[in-house]
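Report on the following structure.
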Amino acid sequence: MKVTVSRSGGFAGLTRSWSVDVDSEPDTESWLVLIDQVPWSQAPASAQAVQPDRFVWVITAETRPTRKAKLPEQQVTGPWRELVDRVRSTSEAEAKTGPTR
């Protein structure tokens, strides 16, 4: 299962993306627990009014069914923040050292 986090907006309006293949991680179970803790059903149907120069995050988990949320940066808190930070740090570490398996 793949989890992707994309961030767009900010001063430059650029988009960056990070992805992790959860099935290839040594701690797959903890990833699955975290993905289940994220309040997917409480995500707004569309990103609420975006403030100028703030980021918008799109978070996708390729589960069955696929889970996807688009959140303004100020709503990326709690489990959302934990998932975003974990995907980013794992993706960046793998870019430097190669996949864990």
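Apply 1/(1 + (r/R0)^6) to the Cβ-Cβ distance of ARG64 and LYS96, taking R0 = 25 Å, and write down the FRET efficiency to the nearest 0.05. With a Förster radius of 25 Å, E is 0.20.
What net charge is computed for the residues neighbouring VAL84, neighbours being all others with C-beta under 12 Å from the C-beta of VAL84, Lys and Arg scored +1, Asp and Glu -1? Intermediate values should be presented prior to the final figure.
Details: positive: ARG7, ARG16, ARG81, ARG86, ARG88; negative: GLU73, GLU82, ASP85.
In short, +2.
Counting only Cβ charges, +1 for Lys and Arg and -1 for Asp and Glu, the dipole size of the stretch 2-97 around its Cα centre is about 440 debye.
Estimated from helical segments only, the mean residue ellipticity of the chain at 222 nm is -9500 deg cm²/dmol, where each DSSP H run of four or more residues counts as -39500 (n - 2.57). Candidates (i) 17.9; (ii) 14.0; (iii) 15.0; which is the computed Kirkwood radius over Cα pairs in Å? Among (i) 17.9; (ii) 14.0; (iii) 15.0, the one calculated here is (ii).
Taken together, the values in this text are just the output of simple stated rules run on the coordinates, not laboratory data. Only a predicted model underlies this, so the values are computations on that prediction, with no experimental measurement involved. Glycine also receives a Cβ, built like all others from the backbone with ideal geometry; neighbour counts cover every protein chain displayed.
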